[in-house]
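Below you'll find the structure, written out as structure tokens, and then a few comments.
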Amino acid sequence: MQTDFAKKVEAESDKTIDGMLKCEVSVMNNIKLFESKQIRSVWSEDDQKWYFSVTDVVAALTDSPNPRDYWYRIKQREKISGVELSTICRQLKLEAPDGKLRETDCSHAEGLLRIIQSIPSPKAEPFKRWLARVGYERLEEIENPELAAKRMRELYKAKGYSDEWIEKRVRGIAIRDELTNEWQKRGVKEQREYAILTAEISRATFGMTPAEYKEFKSLGQPADNLRDHMNDLELIFTMLGEASTTEIARNRDAQGYDLNRAAAIEGGTVAGNARVDLEQKSGRRVATHANYKVLPEAVVRKKLKSKEG
């Protein structure tokens, strides 16, 4: 039977589940550059393919001020000729300019090759080569996970994070993956139950669910990744809570949602007790309101070091 807290978290997860899970479980949202133009993309574990925003591709190839309208007119024109381009597209949630996740026409590389036949553009051939390279890089990452980690480090570095922070973030992602793999083996259902168990760990560790923590840090957009706005200590205690949960679940051979929920609460409590002990001894709270939306993490770190020095 679910507690009131579990019911509350389940309700919250309906609103925030995409932001809470998918970055570190099975779907990777990404922004790729073609000739300096941003093209939103998402990796699908189901068929092991990249899907790209069609309107972003249209914008990159045509420089149209209204790529959505351009794409609509292409579909209508091809429909008259008996070709239904919508059949090679999927509606996937991508981050819109306003920061919200919205259903967007997306297509994989094979579909895009057909779509760009309908777009008169001198950039078509370079775009085909770009598509091939993107696909090859993903195959390289599947065969060599260290390469994926290296590219992830480069991405965080480009966003203004320090090497010290990046090492902790990458380690945290590995610990999170280990935990979700353990949940999968132990009969925990993905998405909703993952969200609830994650919230139990967070609540026991920090006294806040991820949704409450985002509000605490003034992260109002669904696409804002909470962990990308954590400082070193926040990341460390997050790791401790999740690593402790994995260890407890394994040692007890916890099977199913209820036993893994108990392990999540106890694992989070290990981290929560350690956090409280540190706060009492240091006189400073671990969780902070700070985020990296205005100043990059590396700049914030440098300022703190200067102040301490």
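Do we have K93 as outside the structural domain of L219 (by TED's automatic domain parsing) and outside any helix (DSSP H, G or I) here?
yes
If I ask for residues that are within 18 Å of the chain's Cα centre (by Cα) and closer than 12 Å to R40 by Cβ, which ones from the stretch 79-105 would you list?
Once the filter is applied, which keeps residues that are within 18 Å of the chain's Cα centre (by Cα) and closer than 12 Å to R40 by Cβ, the stretch 79-105 yields L92, K93, L94, E95, A96, P97, L101, R102, T104.
Which count do you get for residues in the stretch 175-210 that are assigned to a loop (DSSP other than H, G, I, E, B), crowded, with 20+ Cβ neighbours inside 10 Å and of a type in the set (A, V, I, L, M)?
Count: 1.
Pairs please, first residue from the stretch 65-78 and in contact (Cβ under 8 Å) with a residue 24 or more places away in the chain and assigned by TED's automatic domain parsing to the domain that holds R114, second anywhere and hydrophobic (A, V, I, L, M, F, W, C) and part of a helix (DSSP H, G or I), Cβ atoms under 7 Å, 6+ apart in sequence or on different chains.
W71/V54; W71/V58; I74/L85; E78/L85
Is it the case that the stretch 233-249 has a residue that's at pLDDT below 90, of a type outside the set (K, R) and either buried (at least 16 other Cβ atoms within 10 Å of the Cβ) or under 30 Å from R102 (Cβ atoms) (or both)?
So far as the stretch 233-249 goes, no, none of its residues is at pLDDT below 90, of a type outside the set (K, R) and either buried (at least 16 other Cβ atoms within 10 Å of the Cβ) or under 30 Å from R102 (Cβ atoms) (or both).
Looking at this structure, is K217 surrounded by 19 or more Cβ atoms within 10 Å (Cβ to Cβ) and of a type in the set (K, R)?
Considered against the rule, which asks whether it is surrounded by 19 or more Cβ atoms within 10 Å (Cβ to Cβ) and of a type in the set (K, R), K217 comes out as yes.
Assuming E212 fulfils every condition listed in (1) more than 26 Å from N273 (Cβ to Cβ); (2) in the same structural domain as R250 (by TED's automatic domain parsing) apart from one, which condition is it?
That leaves (1) as the condition not met.
Please identify the pairs in which a residue from the stretch 167-184 that is in contact (Cβ under 8 Å) with a residue 24 or more places away in the chain has its Cβ atom under 8 Å from the Cβ atom of a residue that is of a type in the set (K, R), counting only partners at least 6 apart or on another chain.
Filtered contacts from the stretch 167-184: R169/R227; G172/R227; E182/R250.
The values are calculated or read from the model by the stated rules, or taken from the named source; none is laboratory data. Just so it is clear, the structure is predicted and the values come from calculations on it, not from any experiment. Quick reminder, even Gly has a Cβ in these numbers, built from the backbone with ideal geometry, and neighbours come from all protein chains shown.
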